[in-house]
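Quick notes on the structure that follows.
Any read-out appearing in this document is the output of simple, stated calculations on the displayed coordinates, not a laboratory observation. In this text the structure is predicted, and so the values were computed from the model without any measurement. Here the Cβ positions follow ideal geometry from the backbone for every residue, glycine too, while neighbour counts run over all protein chains shown.
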Amino acid sequence: MSVFKDLFWFFKQEKRSYIWGISLLVIVALLELLPPKVIGYVIDELIKNSLNGKNLLFWVCLIFINGLLLYTFRFWWRRMIFGSSLKLAKQLRDDLYNHFTKMSPSFYQKNRIGDLMAHATNDVQAVRETAGAGILTFVDSIILGGSVLVMMAVSISWKLTILSLLPLPVMAILTQYYGKLLHQRFHLAQESFSELNNKVQESMSGLKVIRSLGQSKEDIEAFKSQADTVVKNNMKVARIDALFDPTIMLVVSVCYMIAVVYGSRLVIVDEITVGQLITFVTYLGILIWPMLAIGWLFNIVERGRASYDRIRSLLSIEPEIKDSQHASTKLSMGEINYSINFFKFNEESNFELRDIKFSVQEGQTIGIVGKTGQGKTTLLKLLLREYEVNNGGISVGDVNLKDTTLLALREHIGYVPQEHFLFSNTIKENIAFSQINSSIEDVYKAAEIANIHDDILEFPLGYETVVGERGVSLSGGQKQRISIARSLIKNPNILILDDCLSAVDAKTEEKILRSLKDERDGKTTFITSHRMSAVMHSDLIIVLDEGRIIQRGKHEELVQQNGWYKEMFERQQLEELVEQGGR
């Protein structure tokens, strides 16, 4: 029952609904005691031959009114209690979603998407059941069960009541044992469901790769194996779940047998009447639900506890990047200064940045080049504060990034990553994503700068074309240019292009860079690329190797130096010459 204690914060938050709902449940429980009493009284009057039409009409009307009240009160307690449990589900999903948006990339490296989805679906559903059906079963098993027991003992026979209920301790012991087993097995079932979610998500995302490599059959077999594990673990839960009702019904049947046998004897010796025995047996029938509710309660509570533990464990993970208590909500643009003495992702990581020191004047364009895996993207993500600098810092306009909020920083930045993600919406909606209220003219302008406008107009639906999940209906170059347009429509003070021109040809690249230079006068731009042509017009070019700056300067200066930049520039010029047929 500890899950109720854990959820007390929510019960306190929704105390009015729960107080009213539980109060109505109590009234319903008391109203349910009336019909058996009336039935017993009518039977005794029939045996005595003293029942007349007037009395019978009175009892029939009383039962009818009682039924109407039960109908009304049951409607309202369901609305109060189950309605509140839906609020809990919404609040938990909101908390999880907000938590996910605050987490750094390392969080998503440790936690797979399918597992996170399972937390937000199955686990939340199990907790919602606890706050809804769990409260119902808890209150009903205590109030209705207790009221029936009191009526049986006080108004009929305490001896018959005690004797009839002797098997109940056996039921309590068994259901408690089942509950412990259920908790363990349900936890495993939820984990296997998370694994299945991960498998489906990865397979759907990598469907093209799976098909192109001829691994469809193997992937299906892997999915079947994972699905079999889910079924196996859920069957283990079902086996325990299936024990509750038969155990309870067996105990209730024994209670019925004792009540009929010993009750008949009491009727024979005139300790109780036939009507009282029928009332007692009817009460015993009503008592079946509270007994079942006890078993169901253990089931619901153990599922809810396992799921809530999983949710709390996830929510307890602190974001690695957090705003400081006195962080400024405004950021003034100016010179950007990198002064990184040392940076490493974590203790296990082999990669590190060292002695990264350079400045970028407002309005300048800076190019960052180097071999794959030398720290180009990491350098930009530190500016975005996706990671914190271990030793040193980055400042914008003499303000350290740690002294401003993440929102204030990122409002000034437009970021086009290497891996382009498009939403399953129209092209227009994708471009206008960062500025939802943008006019169609703004969308057109951003698309023209990104050199994608003409391509879009060739589609049958133009800007209303739905791109499909992750932009599946577009080519790599089209996705890159739409991503660039999406960042440009924001008109950011700092634009980061992280090797986002790799899928376009040299001519298209040149058009985009020329348009950017014309449109972004006075604004800062960072460009990383493997093609020297993308950065050769930059005001400053930095060459990275093994996390260190090995060369810096303008294009004209670097091609005069013997080094990596000159070597790569000449090699790429030669490749371009060969592609053009040697002319």
### Task
Give me the distance in nm between label points sitting 7 Å out from Cα along the Cα-to-Cβ direction at Gln201 and Tyr108, one decimal.
1.0 nm
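When the helix-only estimate is applied to the chain (DSSP H runs of n ≥ 4, each -39,500 (n - 2.57), divided by the residue count), what is the mean residue ellipticity at 222 nm, nearest 500 deg cm²/dmol? Walk me through the numbers before you get to the answer.
Details: 24 runs with 353 residues, N = 583.
Helices in the chain give a 222 nm mean residue ellipticity of -19500 deg cm²/dmol.
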### Message
Let's test the formula: R0 of 22 Å, r as the Cβ-Cβ distance of Glu567 and Phe358. What FRET efficiency results, to the nearest 0.05?
### Response
0.50
### Query
Going highest first, how would you order 76-84, 93-101, 127-135 by mean Cβ packing within 10 Å?
127-135, 76-84, 93-101
### Task
Calculate how many DSSP beta bridges within the chain are antiparallel, expressed in % of all such bridges and rounded to the nearest 5.
55 percent
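Once Rh is set to the Kirkwood radius over Cα pairs, what Stokes-Einstein translational diffusion coefficient, in µm²/s, holds for the stretch 1-142 at a temperature of 10 °C and a viscosity of 1.306 mPa s?
Details: Rh = 18.6 Å.
Translational D for this selection: 85 µm²/s.
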### the stretch 432-489: equivalent-ellipsoid semi-axes (sqrt of 5 x gyration tensor eigenvalues, Cα, Å)
16, 12, 12
### Query
Across the stretch 490-560, how large is the tail of the calculated P(r) beyond 13 Å, expressed as a percent of all Cα pairs?
69 percent
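Taking N as the number of residues in the stretch 2-315, what is its alpha-carbon radius of gyration divided by 2.2 N^0.38 Å?
Working: Rg = 25.6 Å, N = 314, 2.2 N^0.38 = 19.6 Å.
Ratio of Rg to 2.2 N^0.38 Å for the stretch 2-315: 1.31.
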### Query
Mind checking the dipole of the chain: about its Cα centre, +1 per Lys or Arg Cβ, -1 per Asp or Glu Cβ, Debye to the nearest 20?
1940 debye
### Message
Show me the ranking of peptides 189-196, 154-161, 369-376 by mean Cβ neighbours inside 10 Å, starting with the highest.
### Response
189-196, 369-376, 154-161
### Query
Given Leu25, Leu287, Cys61, which one lies farthest toward the positive end of the charge dipole of the stretch 2-315, if we put +1 on the Cβ of every Lys and Arg and -1 on the Cβ of every Asp and Glu?
Leu25
### Query
Taking Cα atoms, how many degrees apart are the long axis of helix 440-449 and the longest axis of the chain, rounded to 10 and kept between 0 and 90?
50 degrees
### C-alpha long axis of helix 506-519 to longest principal axis of the chain, angle in °
90 degrees
### Folded to 0 to 90 degrees: helix 168-205 orientation relative to the chain principal axis, Cα
20 degrees
### Query
How far, in nm, would the chain grow between Glu411 and Arg239 when pulled straight, counting 0.36 nm per residue and subtracting the alpha carbon separation?
56.5 nm
### Task
Please get the size of the charge dipole for the stretch 2-315, origin at its Cα centre, with Cβ charges of +1 on Lys and Arg and -1 on Asp and Glu, quoted in debye to the nearest 20.
700 debye
### Query
How high is the relative contact order of the stretch 1-128, in percent, counting Cα pairs under 8 Å that sit 6 or more residues apart?
35 percent
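How large is the convex hull of the C-alpha atoms of the chain per residue, in Å³? Walk me through the numbers on the way to the answer.
On the way: hull volume 129.3 nm³, N = 583.
Dividing the Cα hull volume of the chain by its residue count gives 222 Å³.
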### Task
For the chain, build the charge dipole from Cβ charges (+1 Lys, Arg; -1 Asp, Glu) around the Cα centre, then report which of Gly477, Ile427, Phe10 sits farthest towards its positive end.
Phe10
### Query
Which value in nm describes the separation of the simple spin-label points at Val154 and Ser316, placed 7 Å from the Cα toward the beta carbon?
4.6 nm
### Task
Counting only C-alpha contacts under 8 Å and six or more residues apart, can you give the relative contact order of the stretch 2-315 as a whole percent?
32 percent
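Run the numbers on the chain and let me know its relative contact order in percent, using alpha-carbon pairs under 8 Å that are six or more apart. Spell out each step's value before the answer.
On the way: 806 pairs, mean separation 82.6, N = 583.
Relative contact order comes out at 14 percent.
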### Query
Rg and Dmax of the stretch 352-498, using alpha carbons, in Å: what are they?
17.0, 53
### Summary
Restricting to lysines and to Cα separations under 22 Å from Lys479, and discarding same-chain partners fewer than 8 apart, the set is Lys208, Lys376, Lys381, Lys428, Lys445, Lys490, Lys507, Lys511, Lys517
### Query
Could you give the nm distance between label points at Asp539 and Val267, where each point is 7 Å from its Cα heading toward the beta carbon?
10.2 nm
